[in-house]
Amino acid sequence: MTRLLFIRHGATAGNLQRRYIGRTDQPLCPEGIAQAKALTALSLAPDRVFCSPLLRTRQTAQLAFPELEPEIVPGFTETDFGPWEGKTADELADCAAYRDWVDGFCQGPIPGGEDPAAFKARCRQAFREIVPRLPADGCAAFVVHGGVIMAILEAFARPRGSFYDFHLSNGGHLAGYWQPPDAILLDRP
């Protein structure tokens, strides 16, 4: 079986300020660099690394696995928060469209941004396209965004869980095994 590692990128300044940082291409901040470097101590040892085109995932992959060249997967780009990019919930408190979106558990379309259903479908399709290229009896790391991890695991993880059940902190990771035809068996209680 192929071992899978899902790693959320290290923190950016926007993450620390609790801003909506989706398609915004921020670099890792000093804390994020430390989180990425800390991954090396875990001896995760993937054979292949996949990441989004955004700088924070590429930097995390490079720091965590300097001996591997990550494969860039455009479908793993974080969601587009449209006019909410770079803003905090407090800054959006007077925006009726934002309040409606939050009241709907962040599941409806983002005005001027990406529909969460389309985002999830995009991430899952990108993952499905990689499955045939997973190293047999090896290990593949996915150094991506929190939303990407949640979208993939909501669809494929066993035991099953909801989108938010798979939330990871910056620099966090989950591991499991690919079980054909369409399941990820997670190593978690």
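The values are calculated or read from the model by the stated rules, or taken from the named source; none is laboratory data. This one's a predicted model, so the numbers in the text were calculated from it and none came from an experiment. Heads up, the Cβs are rebuilt from the backbone with ideal geometry, glycines too, and the neighbour counts pull from every protein chain shown. Areas reflect the complete protein model, heavy atoms only, side chains present, ligands, DNA and RNA absent. Shrake-Rupley method; radii C 1.70, N 1.55, O 1.52, S 1.80 Å.
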**Report entry** Any helices (runs of 4 or more DSSP H) falling wholly within the stretch 1-95 and containing at least 1 residues that are open to solvent by less than 70 Å² (accessible area, probe 1.4 Å) and free of Cβ contacts under 8 Å to residues at least 12 places away in the same chain
**Finding:** none
Query raised in the report: Going through the stretch 22-43 one residue at a time, which ones are of a type in the set (Asp, Glu) and farther than 18 Å from Phe76 by Cα?
Result: Glu31
Query - Tally of residues being hydrophobic (A, V, I, L, M, F, W, C), assigned to a loop (DSSP other than H, G, I, E, B) and more than 23 Å from Gln59 (Cα to Cα) across the stretch 129-184 - result: 1
**Report entry** Answer from Ile130, Ile152 - the residue that is surrounded by 15 or more Cβ atoms within 10 Å (Cβ to Cβ), within 21 Å of Val49 (Cα to Cα) and over 14 Å from the mean Cα position of the chain (by Cα)
**Finding:** Ile130
Report summary line: Of the residues in the stretch 96-124, those that are touching a residue at least 24 places away in the same chain (Cβ under 8 Å) and either open to solvent by less than 70 Å² (accessible area, probe 1.4 Å) or in contact with a His (Cβ under 6 Å, 6 or more places away or on another chain) (or both) number 10
Query raised in the report: Regarding Ala45, is this residue under 20 Å from Val148 (Cα atoms) and touching a strand residue (DSSP E or B) at 6+ places or on another chain (Cβ under 8 Å)?
Result: no
Query raised in the report: When you look at Thr24, is it in contact with a Phe, Trp or Tyr (Cβ under 6 Å, 6 or more places away or on another chain) and among the polar types (S, T, N, Q), yes or no?
Result: no
Report summary line: Scanning the stretch 12-27 residue by residue, the ones that are among the aliphatic types (A, V, I, L, M) and out of contact with any strand residue (DSSP E or B) (no Cβ under 7 Å at 6 or more places or on another chain) total 2
Query raised in the report: Tell me, which residue of the stretch 155-189 that is touching a strand residue (DSSP E or B) at 6+ places or on another chain (Cβ under 7 Å) and aliphatic (A, V, I, L, M) is most open to solvent (accessible area, probe 1.4 Å)?
Result: Leu185
Query raised in the report: Looking at His173, His167, which one is of a type outside the set (Phe, Trp, Tyr), within 19 Å of Ile21 (Cβ to Cβ) and out of contact with any Cys (no Cβ under 9 Å at 6 or more places or on another chain)?
Result: His167
Query raised in the report: What single numbered condition from (1) among the polar types (S, T, N, Q); (2) touching a helix residue (DSSP H, G or I) at 6+ places or on another chain (Cβ under 6 Å); (3) modelled with pLDDT under 95 fails to hold for Ser43?
Result: (2)
